[in-house]
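I have placed the structure first, in the form of structure tokens, so that the comments after it can refer back to it.
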């Protein structure tokens with residue numbers, strides 16, 4: 001599997017990770033800013049949280065890392081949490097906005 005396929009698989013597994021306060025997965029919420037996989041299988045995910053005071057600020061990045069490590073071919077995973085740019089509702093997919101009644 002090449003790196004683009006692995007990045008696509010990571011995107012799929014992150015669509016199974018949910019913010020416990022919002023019934024939408026973190027990918028469609030727009031919390032995942034970047035997914036990058038190196039040739040040797042090292043994966044790097046840059047993500048944010050809905051707010052700096054998010055109650056799952058400690059556990060959500062761990063869940064993301066564990067999910068990424070389940071993808072075949074991934075040898076290690078590093079998750080970086082950033083608040084730049086700050087998350088806002090415009091970052092959500094159209095599907096997520098529809099699910100939440102924002103459209």
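Read-outs: derived from the displayed coordinates by stated rules, not from any lab. Everything quoted here is computed from the prediction, not taken from an experiment. Methodologically, a virtual Cβ is constructed for each residue, glycine included, from the backbone with ideal geometry; neighbour enumeration extends over all protein chains shown.
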> By how many degrees, between 0 and 90 and to the nearest 10, does the Cα long axis of helix 3-14 differ from the longest principal axis of the chain?
Replying inline: 40
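For every helix of n ≥ 4 consecutive DSSP H residues, a contribution of -39,500 (n - 2.57) applies; sum these over the chain, divide by its total residues, and give [θ] at 222 nm rounded to the nearest 500 deg cm²/dmol.
Working: 4 runs with 33 residues, N = 103.
Result for the chain: -8500 deg cm²/dmol, rounded to the nearest 500.
Among 91, 70, 47, which comes first, then next, by fewest other beta-carbon atoms within 10 Å?
Numbers: 91 17, 70 12, 47 23.
Lowest count first: 70, 91, 47.
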> In degrees from 0 to 90, rounded to the nearest 10, what is the angle of the helix 59-69 Cα long axis to the longest principal axis of the chain?
Replying inline: 40
> Going by how many other Cβ atoms sit within 10 Å of their own, how do 26, 74 line up, fewest first?
Replying inline: 74, 26
> Cα centroid distance between region 28-47 and region 70-96, in Å?
Replying inline: 7
> Can you list, largest first and rounded to whole Å, the semi-axes you get for the chain by taking the square root of 5 times each eigenvalue of its Cα gyration tensor?
Replying inline: 23, 15, 12
>> Running a GNM on the chain with Cα contacts under 10 Å, which residue among 32, 13, 62 ends up with the highest mean-square fluctuation?
In response: 62
